Structure formats: C-alpha cells, structure tokens
Amino acid sequence: MIIRILFPLFFISFSIAVSNAQGIRGRITNTQGEAVPFANIYIPQLSTGTTSNIEGRYDLKLPEGNWKVLFQYLGYQTQDFELAIGNSFQEINVQLIPRDYQIPETKILASGEDPAYFIMRRAIAMAPYYQKQVSKYSCKVYLKGSGIFEKIPFLLEKQMKKGGMKENEAFVMETVSKIDFELPDKIKQQVLAMHSSGKDNNTSPMGMITNNLYDAEKYGVVSPVGKNAMKVYRFRLDGVFQDQGKTINKILVIPKTNGNDVFSGYIYIADVFWNIHSADLRLHIPMTDVKVHQLYAEVNKNTWMPVSLDFDMDFSGLGLKMKFRYVASISEYETTLNAALDHTFLDRMKKQQLQDQQVTDDIYADAKLVQQNQEKSKAQKQMEALMRKSVMSNRDTKKLNRLIRLETERNSPPEPIEIKSTFQVSQKKVNNDSAYWTTLRPIPLTESEKISFVKKDSFLLVSAKPEFQDSLRDSKRKFKIKHLVIGKNYDYSIDSIKQYERFTIPSLKNPTLLSFNSVDGLRLELPFSYYKSDSTGRMKSFNPTFAYAFVRKKLDVEFSYQRRLNGMTNRWFSVSAGTATTDYNRISGLNTMSNDFHTIWLEENYKRFYRRDFLQLMTSHDLSNGLNLNVTLDYSENSPLTNHSSYSLIKYDDREIQPNIPANKTLLPWQLEKHQSLIGRLVLEYTPHHRYSIRNHTKMYAESKYPTYSLVYKGAFSGVFGSDTRFDLVKIGLRQKVKFGIDEHLSYNISTGKFINSSKVYFEEYQHFNTQPTRFMFISSENSFRLLPFYEYSTQKSFIDAHANWESRRLILKQLPIIKNSPFSENLFVNFLSTPELKNYTEIGYGLKQVFFLLNVEAVAGFENGKYRSAGIRVSLNLK
C-alpha cells in the first residue's frame, strides 16, 4: 500500500526534475562516423565535465549561461564551442578530426640523441613539484566499472552466480563520490550514491584518482616521469602538436626490459612547463593486459589535474576470461596551491623559454627581478641554472629532481604521524533504483548495461520481500548436520551498527587439515574459530583446536581466547591452555607441509617433537606511539615423545627414520626429561615516527621507513608451582626494510643476546635459530640459514644472529638480453651466526624468485671463520 502511494509521488518529482534540467547531450564521432568512446567534455570556467560512453554518447547538465565547451580525446584535435545554455537540453553532435603530428627540425639535437630525452629529463625533474603543487583539493567523481565474463570455469560457476554474475552477461558498478584530499595523504571519501547490477555495491574511485602517473611508483609501477625512468625506459619523440595555445610533445615510451612494473605506449608532455598533458599507455601484469588512458586539464592557472581516466583490463588465466573497463569522470575541482612552494618558478621558466636566454643576467632585465634573484635560495639558483641548460644529462636530471624534491620537503610541514583516510557511505545513498540514477549519472549507459540494471531492479523487488530476507539470514546462520563435514562460515554481523560476528567450522574436505610425522603418524587437526568486533575498537576471539594422532591414539585439545580492550592503545589480553604436540623450535621450525613431504616421500624426518601441557597469559599495550610492551607468563609441563611410525612411501637403502631426539653437541640427557616450567617474558619494541591510520577506533600501524628496536627479557623461576627450570636471557634486536625503488629493497634483521644465568635450561628453551637446510620446501623462508642442520647449533650461552637481503627485479641475470624480459626477480642475501660452538659462520647466496610465478631457486655457500664449509642449491614454492 505504501509503495502504491509513494511511487506516483516519486514519478511526479522525477518528471519535474527532468523538465527543469538543462545542458548538452549528443554523440561524438570521428570523420568516418564511428563512435569515439571515452572522449572528454570539459568546461574550463566551471572546472567540470563528463566523458562519453563506449557508443560515443554523452550527457552533461549545465547551469544557464554562456560557456566554452572543449571536446577532446587522444589522437584527435580538440574542438571548442561557445554555447549559450538556456532552460533545456541542446543536441550537440561533434565530429573529431584526427590530429596531425609534426617534428620540428629545430629540436633535433646536435649529439644525435633523440629530442625526446631533452623533454623527458625536464619532465622527470619537475615531477616532485607537480606531486606537491596542490596542498589540498576537492572534486566530484563519477566512476563506472563495466565488464563481462567471456568464460567461467565450472568450479566457479555456482559461486559467481551467487554474486549475480553469469557468462557472457554484462555487469555494471557505479559510484558518485565527493573526494577531499590534503597532503601528504589525508583522504576523505564521501559516497553520494552507489549502484550495481550485481548483488554487491563495491566500487571505489580512490584508486582511480590517486593513481595518477606522478604517483605510479606507490603502486609498484615505474612511472615514465619517475626518478628511475631513465634506467628503465627509452624515449622517442614521435610528434608535436598545438592544443589550446600550448605545444604538446608526443613521446613514445619503450621499456628497456619488459616486466610487470613497466609501461609502454605514449605520454604527452607540455612544452615549457613540462607537465603531463595526457597518456595512452599499456601495462602487462600476470594473466592481465591493461590499457590506461588519462587526460589532464588546467583547472586553475598552471595547475593541471586529471579530469578523465579509463582503464581497459583483459584477464585470461586459470580457466577464466574477463574483460573489464573502469571509466572515471572528475569534475567540480577546488584546489589550493601549496603555500610552502615557490610557484613563480613556473612563470620564470616560461619567460626563460620565450626569451631563449642561457644565463641568469639576461633573463632578469630590470632591477626588481635582479633583487628577486638575489633573494632566491642557493637551491633555487641551482635548479634554474640546470633548467637553462640546452643539453641536460641523466646526471643533471637526477640532480634537478633531487633539488626540487628536497626544496618541496624543506618548505613543507613535518609529515603527520596519523594517516587520515575516511570512507563514508550512508545507506540512504545506496540507491539502486534506475529512475533515480537516470537523473544522476553523467555518462549514459549502453543498451547492454541497461539490460543488466533491469535484471538488478527485478532482483531488488524480490529481495525486499520479508520471506527473502528471512531465507538469506537463515542461510548465513542456521546450523545443519552436514556442516560438520563440509564446514561452514556462520555470519551474525549487524552492518547497521558495524558489529561483525562470525563462527567457523572447518571442512573435512580440506586436505591441509591432515599431516603426517614420525611421532603421531597420520594427524587430523580441526581449528574452530569465533570472532566478534564492533566500531568502538573492541574485539574478542575464541579459537578451540582439536587434533587426533591416529597411530599414537592421542587427542590434543587447545583453547585460545583473545580480547582487544582498547583499539587506540592496542591494549590486548589473551589466555590459552591445552595440550599440544610441539616442535622443540616453536618459533622458526620447518613448516608442516615440508616435513610431511620429506618424511613420506624421502624417508627423512627432520622435526623433533615433545608434549606440552600449558597455561599461558599475555597482555600487551602501547605505552606511546610506536612503543609497545608485551608481557607473557607461561606455565607448562613438558614431556619427551618417541616415534610411533616409521612409515615412508618409498624405502631407501641408505636412509631410515631417525629417533625423535634432537642432534646437539651441548645437549645432556636430563634436558629432554619430563619437567615443569614457569617462564615470564617481557618484550619492549620501539619504532620512531611510526605512522598509523585509525579505523573503527582502532590504530592501524603502517609499514615504517624507520628501524624497529627491541629489548627482550626471558626468565624461568624454579621452585614456583613446582617449576624445575631456572635461567635469565637478555636479547636486543634491530630490523628494518629500506625501499630504493619499485620492487627493490634492502631488509635486515640483527639480534644478539646472552643467557646471563643458565642454571637449568631444558632444550625447548634454548635459543633456537631459523635453520632450513632441506633441498626443497613448500614455503620459502627469508632470514634463515640454508645450510645449517636443524637444532645442532641451538645454544644456552651467547649468540649473534644477523640477516640481510637485497631484492631487485634487475640485478645480475636480468641484465642479460636473453632473459631480461622474464618476470622473475633476483635477491642477494647474507646470513651470519656466531655462538661459542660455531664461530663467525657466514652464508652468502643468490636467488631467483617467482620463476614461472611459482618457484624460488637459490645457490648458497657457507663459510666458517672465512674458510669454505659447504654449498648447495635450494628450491621452494610460493605458497604463502
């Protein structure tokens, strides 16, 4: 009854809205009458515009008045019209004429070097300025994602159908958002409307807007105007044209080495200011080809911002084929220039170019400008001197880029600790009604997209019925006996109050629940989990795990309860208890899958186990930003175990399953006997200037560019609750990851410590090290010793443990022409260990990562006190 009353009222208001609207609409074609998809329509006075759809059609609402309208697209001449907009829509069909390109002979360099390098060196040098030219801006973004699955594998059909996606059926997602951005990374996104032809509304424009070419390196791609561009790309000037009174250079971007982190195609650079005018680039990532089109406009004097972006993605892999396209139309820009920068620099560059002068005294003719020159900083003078060079070398480019970057950083305020990023969606704005969106969207839908939304509207009518809602809720929450076999994720969340609550039953069909070792034989492990969190930052979880050893006929049961009491101070409390079959090296032992493989197939049982019955209490708390204190108290009864299985699928003449006793020269028999331990641990970690963001009243630390310092005390107390153990261990540590460029970083981890009291140390409390000597592993392990045997050099005395790893996509082998285009990356690593039993042991290795996207291959050599000790080849899979 209510719907019957409201629908006519809505229809009347909708009709009034349409009748009062005015603007322009039409179709954009080329000289052959073919549609020009995703052409940009822009009104400079209003800093607003739109984009044509794939059929070349556009629709733009405008206020009454006289406006200059620009129609533009890459490869075509810009058309501009002076239009008088009245109180109705005007049909404006536009024919774009292909652009003619010329290469002026005056720009051919005497050195024979392509003139593109003259242009690109200046564009690269100016990039840091354009990254921070605008301190804050706001804009309105319409984003449409549309695509089609050309092939869906049988195993995914049911799951995809649940999401409203079928083979050869178009799907569309739309959002209209208000974006507010402020340097360095404060982002506020307010979703004004959201619409999807599927069952989920999940589009977000921020990746489209912030991922412009000046910031591409943040996303793992080398920008043609980035600081590493000259190492990675070759450039060629293919043409020059005039656009709105500016000279635009068409530069072909050619990667020196193919890979997942490089563009190819064209970038267009404006003369004099050396800013990006537009781009037409391609990118290949595993199983996906991406085409990127970006168009910038001068939204304010000398301020260029992206106004139109479209991304074409063609995915083919794993039996799935999909074509997808994102189109973004950005309008209603309001920008604020960065007050910390000297923006007159651009005007001075223009004057220098126009006057064609080579020395500073000739540029500034009058006394006023001379005085201004005298007031410039030394860095500013150096920058202008470099820009005046008729021939700029790669070294000059790097120097100028660094000077501009340092100048912007020097004048900018300190980087704030908090990374402010907000995403607001009102459920009232998630409007899926097609009539409402007809009044809202700036880019018209195609016929196939309209059909997609008609089907969605039909689904909405059905899904709004109470019986459908009850059925959906039951499917998420109702228990069935079969769930004990096939598993189930129960969802009790209440989205309206941001309360998330889930319970999971593991599936017996999951093969990873099974494992095999020489102590237990076949082992089945069933991890259950319960999780609940809310918008206040509080969280709790309960995780019971049941495991049964079939040969040993033993049931292990563990319970773990965690609770976050305060999200802003990361205040946690946890309690865990149970009985477990545990590796003596609990922290960094061999992963279960690799041990299973070696035991069953190679008759090599590497892991050594003991029984641990325990109760553990833990609390942690941020004392201040970046400074965390963790305190743990652990009581356990520990018992040795023996092998119950010698099974191996293949029997070898020179091997046999070894006893469950660790090999260590310092190990005494009593250190493996049954005993009780009461152990306390205190860990203090500090990361300076550790940046964070806040989500749901919870502080989320970001990856830091600063080192993390750690201080650890671990002590066992004899005579308390029957504890037999007594020792005191102190450790200090330092770790850091330093990024040098795209997928190139140096990481190191250094730890040193000493048992200042080792009255009674049982083997599980030795200082164990990350030793991974197996020739093959299912999961790679960084910061590990590839050649040292398990347990043998674990110590109860002093130690120094250090690791360094340098990873790059272009290091040694990738420089060779025959394999330079292969997708793998390279790494060099050094490991160092010194204990009283092993003096100054060093491993040096070289590896290839992601060979065929799956394998890691390493060659490593070990030295003790500078003398060669051993060498080997190690292979691992990328399963994590």
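Tabulated data
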| quantity | calculated |
| --- | --- |
| Leu522 versus Asp100: modelled label distance in nm, points set 7 Å from Cα along the beta carbon direction | 8.1 |
| Charge context of Leu828, other residues only, Cβ under 11 angstrom, K/R +1, D/E -1 | -3 |
| Where labels lie 7 Å past Cα in the beta-carbon direction, separation of Arg234 and Leu514 in nm | 5.5 |
| Cβ-based net charge around Ile419, under 14 Å, with every Lys or Arg adding one and every Asp or Glu removing one | +3 |
| Full-stretch length increase - Val830, Met593 - with 0.36 nm per residue and alpha-carbon distance subtracted | 82.7 nm |
| Efficiency of FRET between Lys797 and Leu684 - r from beta-carbon atoms, R0 22 angstrom, step 0.05 | 0.40 |
| Aspartates and glutamates whose Cα lies under 13 Å from that of Lys839, excluding same-chain neighbours fewer than 8 positions away | Asp801, Glu864 |
| Cα-based reach from Lys476 at 13 Å (exclusive), listing aspartates and glutamates while leaving out same-chain residues under 8 positions away | Asp491, Glu501 |
| Gain upon complete extension [Asp215, Arg695; 0.36 nm per residue less C-alpha separation] | 170.4 nm |
| Radius 13 Å from Cβ of Asn757, net charge of other residues (Lys, Arg +1; Asp, Glu -1) | +3 |
| Extension reserve of the Ile254-Ile873 stretch, reckoned as 0.36 nm per residue once the Cα distance is removed | 219.2 nm |
| Restraint check, Lys256/Lys705; Lys540/Lys699; Lys136/Lys301, Cα-Cα greater than 19 Å | Lys256/Lys705 |
| Loop-located trypsin sites (Lys or Arg not before Pro) in the range 622-673, at most 11 other Cβ atoms within 10 Å (DSSP) | Lys651, Lys665 |
| List Phe727, Phe181, ordered by accessible area with a 1.4 Å probe, largest first | Phe181, Phe727 |
| Gln499 versus Asp180: modelled label distance in nm, points set 7 Å from Cα along the beta carbon direction | 3.0 |
| Between the range 505-545 and the range 659-711, the alpha-carbon center distance in angstrom | 22 |
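The values are calculated or read from the model by the stated rules, or taken from the named source; none is laboratory data. Predicted model only: the values in this text are computed from it and were never measured. In this analysis, Cβ positions are derived from the backbone assuming ideal geometry, glycine residues included, and neighbour counts consider all displayed protein chains. Remember, those area values only see protein heavy atoms, side chains included, never the ligands or the DNA or RNA. Shrake-Rupley method; radii C 1.70, N 1.55, O 1.52, S 1.80 Å.
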